[in-house]
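Okay, structure first, notes after.
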Amino acid sequence: MKRRPGVLYIFKYCKCDIIEKNYDLAKHLTTKKHRTASSAFSTSRNLSKFMKPEKSNKSNSAEGSLSLFIAAHTSILPVNHLGETRKKVFQGSDSANELKLHRSKCTDIIVNVLTPHFNYDLLNSIGSGHYSILIDESTDISVIQFLRITILYFSKETVEVVSTYLTLVEITTCDAVSITNAILNTLKIKGLSINKLVGIGTDNASVMVGINNGVHQKLKEHNSSLILVPCVCHSLQLAVSAAANVALPRHIDFLFKETYNWFAHSTLMQNEYKTLCKAINDGHSLLKIIQACGTRWLSIESAINRILQQWVELKLLFQMARTKDKCYTAEILYIFIMTNRILFI
């Protein structure tokens, strides 16, 4: 647009032509048109028109509580739906209207607010006292190896020994060097002294308890008074297995293993036995025969008890099977059941 001399163009406020004289400008400032057009740009207006008001403490508390619930009881994935559902259910609540919690914000609250708070609270509770740790390695569904560390310490606040989660560390390999480094780095990050570490609880794997290059032996290089507490359940299982191999007759071991195998690979056998049990027990089904697993603690006792509870039914089943199918295994199992019940009792 071509500019005319002696005329000032004001498009931003009033969008009108004004002669460049002080009298005309002062007169225009008093007009209703100018006051209306310039009100949106006035420096005296409330700043809340430019920025969002801060959330109330009640709303922040609600988001923190909801994030803590998610961290303690479920995954972060459903928080989008949970937050929107809460807003719809509690429409009349001011905190519900201000609540905007989704996965990203929930993750940030857990990582940047809740985690530092509970870490600080844990370190204050431990103080300068001694502590012990329980460690175990595992692989998740994405085939990533992790080391889980649980800490045990005496709490002066509750006057009792507390066992709680410390951290979950991703490791590249499950050898003694990687596990030892992960433990040392974790204690350093958490601000815990290795010299205050009293004991370490592990399973009986050689990588943990090896007397030459095990994790316990490598940690003793940093704390010579460190005590190893191997898994009681694994130790008891090894003792029971060794005792059973010496004291338990081989034909009884054959009995409960082959009884389980009789049903393990055949649905037809399972259905026949279920029908037989219902006929004998007035329509009631019996529990399944369980396996005596070599790595499951004291499972042999449960397997033998299950056979004893179904002794009559199993005897009848194998008696029918040996005459009907002329099965050699059924013949042996029937003979064992007929002659060896006194050994179980």
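The values are calculated or read from the model by the stated rules, or taken from the named source; none is laboratory data. Predicted model only: the values in this text are computed from it and were never measured. Don't worry about glycine lacking a Cβ; one is built from the backbone with ideal geometry, like all the others, and counts go over all protein chains shown. To get the accessible areas, we keep the full protein, side chains included, count just its heavy atoms, and leave off ligands, DNA and RNA. Shrake-Rupley method; radii C 1.70, N 1.55, O 1.52, S 1.80 Å.
Some observations on this one:
- Subset tally (residues that are part of a strand (DSSP E or B) and more than 13 Å from Ile200 (Cα to Cα)) for the range 224-236: 0
- Close pairs from the range 187-202: first at positive phi, partner of a type in the set (A, V, I, L, M, F, W, C) and surrounded by 12 or more Cβ atoms within 10 Å (Cβ to Cβ), Cβ under 8 Å, at least 6 apart: Gly191/Leu123
- Qualifying residue in the range 194-211 (condition: surrounded by 14 or more Cβ atoms within 10 Å (Cβ to Cβ), in a helix (DSSP H, G or I), under 24 Å from the mean Cα position of the chain (by Cα) and among the polar types (S, T, N, Q)): no
- Annotation note: of Leu226, Leu187, the sole residue that is surrounded by 14 or more Cβ atoms within 10 Å (Cβ to Cβ) and in contact with a Lys or Arg (Cβ under 6 Å, 6 or more places away or on another chain) is Leu226.
- Residue count for the range 113-144 under the criterion of being surrounded by fewer than 12 Cβ atoms within 10 Å (Cβ to Cβ) and among the polar types (S, T, N, Q): the result is 5.
- Listed by position, the strands (runs of 3 or more DSSP E) contained in the range 129-189 that have at least 2 residues being touching a Cys at 6+ places or on another chain (Cβ under 7 Å) and of a type in the set (Ser, Thr, Tyr) form an empty set.
- Among the residues of the range 321-333, those that are open to solvent by 30 Å² or more (accessible area, probe 1.4 Å) and free of Cβ contacts under 8 Å to residues at least 24 places away in the same chain comprise Arg322, Thr323, Lys324, Asp325, Lys326, Cys327, Tyr328, Glu331.
- Count of residues meeting criterion [under 20 Å from Asn124 (Cα atoms) and open to solvent by less than 90 Å² (accessible area, probe 1.4 Å)] in the range 145-182: 12
- Odd one out for Glu221, checked against (1) assigned to a strand (DSSP E or B); (2) over 27 Å from Gln237 (Cα atoms); (3) among the charged types (D, E, K, R): (1)
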